[in-house]
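The values are calculated or read from the model by the stated rules, or taken from the named source; none is laboratory data. Note that the coordinates shown come from a computational prediction; the quantities given were computed from them, not determined experimentally. Cβ sites come from the backbone with ideal geometry, for glycine too, and all protein chains shown count toward neighbours.
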Amino acid sequence: MIQGAIFDFDGTLVDSNAIKQACFFEVARHLPDAGRHLSNILSDPDAGDRYAVFRKLEEHYADRSDHQANADILAEQYTHLCELRVSQAPQISGAQGLLETLLKSGLHLAISSATPQPTLQRIVATRGMSRYFSDILGSPEEKTAHIDHVRKRLNVDTSNLVYIGDSEIDQQSAHMRGCAFIGVGKNADRFHTVPDHMVEDLMEVPSVLAHIRAV
């Protein structure tokens with residue numbers, strides 16, 4: 001029996017993936033040729049989080065005396081800009097209806113994100129979404145640790161949890177911990193392996209959960 005649902009945030013509940021991508025370029029626009037370097041870095045599916053991305057960018061300017069890139073400063077500027085923009089981003093189709101439905105069903109709901117946790121919690125609060133979630137979990141902990149946290153809090157096996165996300169790292173984290181997984185998106189472009197369950201509109205999730213429970 002599914003007792004808890006863990007949601008990725010960006011691209012799963014909020015339509016913010018493109019916004020966050022654009023913020024990388026905006027905070028680095030003062031650096032010559034930064035757009036090309038960032039495009040190359042971000043084209044790697046395993047580019048890492050914001051800190052890893054800006055560390056890689058910093059390396060491109062390490063030998064230049066005219067322009068320096070400070071990864072820590074860029075990451076801080078990126079975090080502040082993303083907080084503002086993501087707080088105003090539209091929801092993914094069906095998000096509010098699904099959260100209302102699952103909350104009424106008594107399911108334990110959690111957010112699992114790579115966004116720094118204090119920033120994530122402020123964004124969720126600004127968007128008026130905090131009431132839906134018992135846990136709002138972000139970095140520096142990894143998503144597998146978020147699953148562990150929810151499992152321990154509910155005192156259940158991970159087979160009683162479902163992870164809902166839009167990327168391969170979400171799917172891998174779920175599989176590593178033995179959770180059911182539901183992919184979100186118009187297609188499976190963000191996954192290395194096509195998920196067993198995919199939805200485009202989040203209001204399709206209850207029917208998928210009914211199928212998972214029946215298996």
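Taking the conditions (1) at pLDDT 95 or above; (2) aliphatic (A, V, I, L, M); (3) in the same structural domain as Cys179 (by TED's automatic domain parsing) in turn, Leu81 satisfies each one other than (3). In the set (1) part of a loop (DSSP other than H, G, I, E, B); (2) within 30 Å of Asn155 (Cα to Cα); (3) under 16 Å from the mean Cα position of the chain (by Cα), the condition left unmet by Ile6 is number (1). Looking for whichever is surrounded by fewer than 18 Cβ atoms within 10 Å (Cβ to Cβ), farther than 14 Å from Thr12 by Cα and of a type in the set (A, V, I, L, M) here; the options are Ala69, Ala125, Ala174. Which one fits? On inspection, the qualifying residue turns out to be Ala125. Of the residues making up the range 82-93, just one is free of Cβ contacts under 8 Å to residues at least 12 places away in the same chain and either of a type in the set (S, T, N, Q) or surrounded by 15 or more Cβ atoms within 10 Å (Cβ to Cβ) (or both), namely Gln88.
The residue that is nearest to Lys152 (Cα to Cα), counting only those in the range 94-116 that are buried (at least 16 other Cβ atoms within 10 Å of the Cβ) and among the small types (Gly, Ala, Ser), is Ala110. Screening the range 195-215 for residues that are under 18 Å from the mean Cα position of the chain (by Cα) and among the hydrophobic types (A, V, I, L, M, F, W, C) and picking the one that is farthest from Leu103 (Cα to Cα) gives Met198. Kindly list the number of the only condition in (1) free of Cβ contacts under 8 Å to residues at least 24 places away in the same chain; (2) more than 19 Å from the chain's Cα centre (by Cα); (3) in a loop (DSSP other than H, G, I, E, B) that fails for Leu31. Unmet for Leu31, out of (1) free of Cβ contacts under 8 Å to residues at least 24 places away in the same chain; (2) more than 19 Å from the chain's Cα centre (by Cα); (3) in a loop (DSSP other than H, G, I, E, B): (1).
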